[in-house]
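A.B. asks: Next up is a structure, given as structure tokens.
The values are calculated or read from the model by the stated rules, or taken from the named source; none is laboratory data. These numbers were taken from a predicted model, which means no experiment stands behind them. Every residue, glycine among them, receives a Cβ derived from its backbone with ideal geometry; neighbour counts consider all protein chains shown. Please note that ligands, DNA and RNA were not included when accessible areas were found on the heavy atoms of the full protein model with its side chains. Shrake-Rupley method; radii C 1.70, N 1.55, O 1.52, S 1.80 Å.
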Amino acid sequence: MTLRLPSASEYEDQVLFSADQIADRMADMGQEISLAYPDGLLIIANQRASLIFLADLVRQIQVPVDYDFVDLGRVTVDKETPVLFVRQTGRIDIKDRDVLLLTDIVRSGFTMHFLMKELITREPKSLEVCTLLHNPDQQLLPIPIKFSGFRTNEKSCCGYGMAYEGQGRRFPDIVTLVADAEEDEEDEA
Amino acid sequence: MGNHPNAINIHVTAPTELREERLLAEKGAGFKSVSQKMQQADRLFRRYASILFNEEAQDPFLYHLTINTGKISTDAAVNMIAEAYRDHLAREILVDTMADNERLRFLREETTKMKNSSEISFAKVLDMYHIKWVYEPKTFPLEWNADGTIKKAFSPDFFLPEYNLYLELTVMNPKYSSEKKQKVRMIQELYPGTKVSLVSRKDFLHALRSLERASQAALVSTAVDEEQEWHDDMIRTSDDPLKMRGWEA
């Protein structure tokens with residue numbers, strides 16, 4: 001089975017969450033976050049996939065909010081042992097701040113584990129997770145999710161800032177990828 | 001801060017006479033008073049190091065850098081500290097990498113005899129994300145014979161101590177997958193409070209892809225990759241879904 005972006009004729013059927021649904025949910029999430037952080041907060045957004053989510057969400061938050069980005073850097077000495085490290089672009093000091101770690105999707109929780117472990121050493125006052133998409137059935141590590149946009153399924157998706165092989169970020173809706181069945185051996189022969 | 005991973009430790013010193021001169025110029029107090037205060041501060045610092053860390057404050061091995069400002073200008077000292085910090089960041093990555101190498105070597109060759117390559121790959125994924133794990137640390141008896149001997153048992157693949165959670169890979173034959181699901185149910189019935197999660201084939205492959213991506217990535221290539229990805233995103237195809245919906249107007 002191979003995955004690909006939907007074609008023009010397939011697009012409508014593949015919409016998982018429409019732009020209108022997303023806009024409504026952003027307004028609700030903005031209120032939820034404003035109520036939870038009356039004194040304001042600092043959002044740390046994980047990688048490029050959460051850029052549009054961040055941009056829409058911060059405009060719905062009614063308390064003081066600042067934001068910064070983190071990215072996972074990778075180095076390899078040999079091909080077997082990659083090492084991750086956190087790159088924080090703006091270098092805003094998170095010490096004693098209420099920090100909300102923003103991400104596009106939480107599946108296994110491995111990335112959140114790594115980022116939280118790193119950010120907690122910088123001594124924030126509080127550190128919580130906010131995700132656009134969340135699939136609790138796939139989550140392996142019991143990391144608490146404070147704010148979640150939509151509950152999703154196991155299907156891979158793109159759009160609204162999320163890409164599949166570099167494509168699809170600009171779709172205004174969140175769409176599921178199309179799965180093409182591999183040709184069987186008889187067909188290939 | 002001695003062992004904090006992001007800290008570098010600098011010992012700045014100078015000959016006593018010079019320090020006294022500087023303090024006199026800065027504070028403008030009498031020489032005797034300055035000298036006494038300096039000696040008192042030095043004593044306190046030695047006690048602080050001795051009581052809190054059981055270390056000699058003067059031990060050069062406690063510091064990344066010791067700078068004698070009697071022989072080095074302030075500007076040069078600042079530049080040296082900045083350079084030491086940059087070097088420390090670079091070394092931190094290399095040291096981590098070496099530690100990971102050692103851990104994996106230990107894992108494969110010494111204590112941990114894993115049953116298959118999937119488990120080794122998954123251990124590498126956990127290592128990559130700095131998730132602590134132990135391989136098959138416990139066997140849970142599930143059924144017993146009449147004579148009390150164990151008839152059926154289950155040893156989940158990984159234990160994650162930070163989450164008090166066992167993980168079992170179900171990446172092989174689907175037949176074994178349903179068998180494992182049943183065993184997990186039995187563990188939860190017989191050993192209440194024990195948390196066991198099954199890692200599905202899809203989750204396993206997803207984790208493996210992240211490992212592959214990280215293995216292939218390198219610091220120097222990141223900027224190039226991002227630029228290429230941005231460029232690729234800009235490419236319009238004739239079968240563009242957005243054109244059909246009229247967003248491109």
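A.B. asks: Is it the case that the stretch A:32-50 has a residue that's within 19 Å of the chain's Cα centre (by Cα), among the β-branched types (Val, Ile, Thr) and open to solvent by 30 Å² or more (accessible area, probe 1.4 Å)?
C.D. replies: No - not one qualifying residue is present in the stretch A:32-50.
A.B. asks: Only one residue in B:GLU179, B:GLU168 is over 19 Å from B:TYR129 (Cα atoms), free of Cβ contacts under 8 Å to residues at least 40 places away in the same chain and acidic (Asp, Glu). Which one?
C.D. replies: Within the list B:GLU179, B:GLU168, the selection yields B:GLU179.
A.B. asks: Counting residues that are more than 8 Å from chain A (Cβ to nearest Cβ) and modelled with pLDDT under 60, which helices (runs of 4 or more DSSP H) fully inside the stretch B:152-249 reach at least 2?
C.D. replies: So the answer is B:219-234.
A.B. asks: Need the failing condition index for A:GLU154 against (1) at pLDDT below 90; (2) open to solvent by less than 40 Å² (accessible area, probe 1.4 Å), just the number.
C.D. replies: A:GLU154 satisfies every listed condition except (2).
A.B. asks: Return a yes/no flag: does the stretch A:18-38 have any residue that is in contact (Cβ under 8 Å) with a residue 12 or more places away in the chain, within 13 Å of chain B (Cβ to nearest Cβ) and assigned to a helix (DSSP H, G or I).
C.D. replies: yes
A.B. asks: More than 15 Å from A:PHE69 (Cα to Cα) and at pLDDT 95 or above: does that describe A:LEU102?
C.D. replies: no
Here is a yes/no grid of residues against (1) more than 8 Å from chain B (Cβ to nearest Cβ); (2) not in a loop (DSSP other than H, G, I, E, B):
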| site | (1), (2) |
| --- | --- |
| A:LEU101 | yes, yes |
| A:PHE114 | no, yes |
| A:LYS117 | no, yes |
| A:LEU132 | yes, yes |
| A:GLN138 | no, no |
| A:LEU141 | no, no |
| A:PRO144 | yes, no |
